[in-house]
Amino acid sequence: MIQDKDKIQIKKIFADKMKHPVTLVNFTQEFECDYCRETRELAEDISTLSDKIKLETYDLVKDPEKAKQFRVDKIPATIIVGDRDYHVRYFGIPAGYEFSSLIDDIIDASQRKTRLSEETKVRLKAISKPVHIQVFVTPTCPYCPRAVRLAHQFAMENPLIQADMVEATEFPQLSNRYNVMAVPKIVINENVSFEGALPEPQYLEQIGLALEEKNQT
């Protein structure tokens, strides 16, 4: 899944930047799942590039308790766990531009810190109610990784936040439900949505709007 020349480069990046162990949790099944095999093989390849990366693989149907534990309801799914479950989810294969998001998320999880501004971190820690962010992407979208990375870093900073990358073409019913016409399309708590890769402050404002609307309903 990863070319040899890229493996060499990624292995060096991991060696330079990874500090603590990280677990990749992959949910799959053998039949009737587009890209499950490819996603599993991608996770297997990545796990060979550092002795700090451990891979756990589960079957969505055969391991229902694990699926419940990790809040997985569709496959393929990839979860990144550091010193805790950061509620960082990839639903669909993290290919194309999203591969870089996966690598950066692994590094952040290993370093136990994000690359967000201190002001953003303070504002995130003040959030006291659950937030669910879904970022719809396609592998060929150059603007999607920024939207995914910000959502995932938000989740790493506050355990009340879950952030999902959702590959739009792999989950057409979900894309239709949220009227995904362009990507990145971000849906927060079912009641606020927007398109485009917003900067940190504006992204946070959308989370605030979602929480305010939830309080009013």
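Just so you know, all these numbers are worked out from the coordinates, no wet-lab data involved. Values in this document were obtained by computation on a predicted structure and should not be read as measured data. We place every Cβ from the backbone using ideal geometry, glycine too, and count neighbours over all the protein chains shown.
Counting only DSSP beta bridges with both residues in the chain, tell me the antiparallel percent, nearest 5. Before the final figure, lay out the partial values.
Values: 18 of 36 bridges.
Taking every DSSP beta bridge within the chain, about 50 percent pair in antiparallel fashion.
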DSSP beta bridge pairing in segment 1-113, given as percent antiparallel to the nearest 5: 60 percent
Choice from N26, N179, N158 showing the highest fluctuation, given a GNM over the chain with Cα pairs closer than 10 Å: N179
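Mean residue ellipticity at 222 nm from the helices of the chain, using -39,500 (n - 2.57) per DSSP H segment of n ≥ 4 over the full residue count, to the nearest 500 deg cm²/dmol?
-13000 deg cm²/dmol
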Dipole magnitude of the chain, debye to nearest 20 (Cβ charges: Lys/Arg +1, Asp/Glu -1, about Cα centre): 620 debye
Charge dipole magnitude, Cβ of K and R +1, D and E -1 - segment 67-122, Cα centre, debye nearest 20: 220 debye
Reach of K7 by Cα under 25 Å, taken over lysines that are not fewer than 8 positions away in the same chain: K17, K19, K52, K54, K113
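Among the GluC sites (Glu not before Pro) within segment 155-217, which fall in a DSSP loop and have no more than 14 other Cβ atoms within 10 Å of their own Cβ? Display every interim value, and only then the final one.
On the way: sites: E157, E167, E170, E190, E195, E205, E212, E213; in loops: E170, E190.
For GluC sites (Glu not before Pro) across segment 155-217 that sit outside H, G, I, E and B with at most 14 neighbouring Cβ atoms in 10 Å, the list reads E190.
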Amide hydrogen neighbours beyond the local backbone of Y58, cut-off 5 Å, H modeled: N26, F27, T28
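By the scheme Lys and Arg +1, Asp and Glu -1, what is the net charge of all other residues having a beta-carbon under 12 Å from that of E205?
On the way: positive: R123; negative: E200, E212.
Summing Lys and Arg as +1 and Asp and Glu as -1 gives -1.
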Paired Rg and Dmax values of segment 114-217, which use every Cα atom, in angstrom: 13.1, 38
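What's the magnitude of the charge dipole for segment 1-113 around its Cα centre, counting Lys and Arg as +1 and Asp and Glu as -1 at the beta-carbon? Answer in Debye, nearest 20. Don't skip to the answer; put the middle values down first.
Working: 19 positive and 22 negative charges, 106 e Å.
My answer is approximately 500 debye.
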Radius of gyration and maximum dimension Dmax of the chain, Cα, Å: 16.5, 53
Of V122, V137, V166, the one that fluctuates the most in a GNM where the chain has Cα springs shorter than 10 Å: V122
Paired Rg and Dmax values of segment 1-113, which use every Cα atom, in angstrom: 13.4, 39
Cβ-based net charge around S117, under 10 Å, with every Lys or Arg adding one and every Asp or Glu removing one: 0
